[in-house]
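All remarks here apply to the structure that follows.
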């Protein structure tokens, strides 16, 4: 064998050794970085959970909004007055993602329109089957989807508030193990009830969807005819 042939063989052998070493190095790096990435994702999921807040305090009984009473004439099965124990939604990464996903999906798939435009009447609470609806229709749809997904009805409370302009508005309160959070068609981000900037008027009682209660803090609401409907 010539000196050139020996050189070529030695080079090929050396290159093979280097390639094996690099392959092992890449595999080891993957094994090391894999759990680190997974751990980071898990941390991110837990970090995205909401900060604990408080629960809205009921200060007295309240009259159910006319829109809810009218809704029940068409959807009696969803307004059954079987009293059940109040409960909350456990704040887990899975539950919180479910709530966020449904909130975003309803907000993005429904077009906002007034009851006058849709039905020719000033006030009508209804599921937005036409693809359009106003604030309470968004809230009803979110409530329905969350119940269908397995969350307890007792923790999903239709709520009447007064907005910054003094006008009545409807949102959905989710009562959780860490406090009350609001699903609002005006904003995709889910806020604690204390951080919405709204004056809270009344909401469904946890133990019976046909019983409504008047709420106290965080702000003293401006009482308007719209909010009292």
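As an exercise: evaluate residue 48 against (1) modelled with pLDDT of 90 or more; (2) out of contact with any strand residue (DSSP E or B) (no Cβ under 7 Å at 6 or more places or on another chain); (3) under 20 Å from residue 184 (Cβ atoms) and give the number of the one condition it does not meet.
Single failed check for residue 48: (1).
Of all residues in the range 55-79, how many are more than 21 Å from residue 183 (Cβ to Cβ) and more than 25 Å from the chain's Cα centre (by Cα)?
10
Give me the pairs, please: first residue somewhere in the range 39-56 and surrounded by 13 or more Cβ atoms within 10 Å (Cβ to Cβ), second residue anywhere and part of a loop (DSSP other than H, G, I, E, B) and at pLDDT 95 or above, beta-carbon distance under 7 Å, and either six or more positions apart or on two chains.
49/91; 50/91; 50/178; 53/178
What's the number of the condition residue 88 fails, among (1) exposed (fewer than 13 other Cβ atoms within 10 Å of the Cβ); (2) within 17 Å of the chain's Cα centre (by Cα)?
Unmet for residue 88, out of (1) exposed (fewer than 13 other Cβ atoms within 10 Å of the Cβ); (2) within 17 Å of the chain's Cα centre (by Cα): (1).
The values are calculated or read from the model by the stated rules, or taken from the named source; none is laboratory data. Since we're looking at a predicted model, the values are computed, not measured. Glycine also receives a Cβ, built like all others from the backbone with ideal geometry; neighbour counts cover every protein chain displayed.
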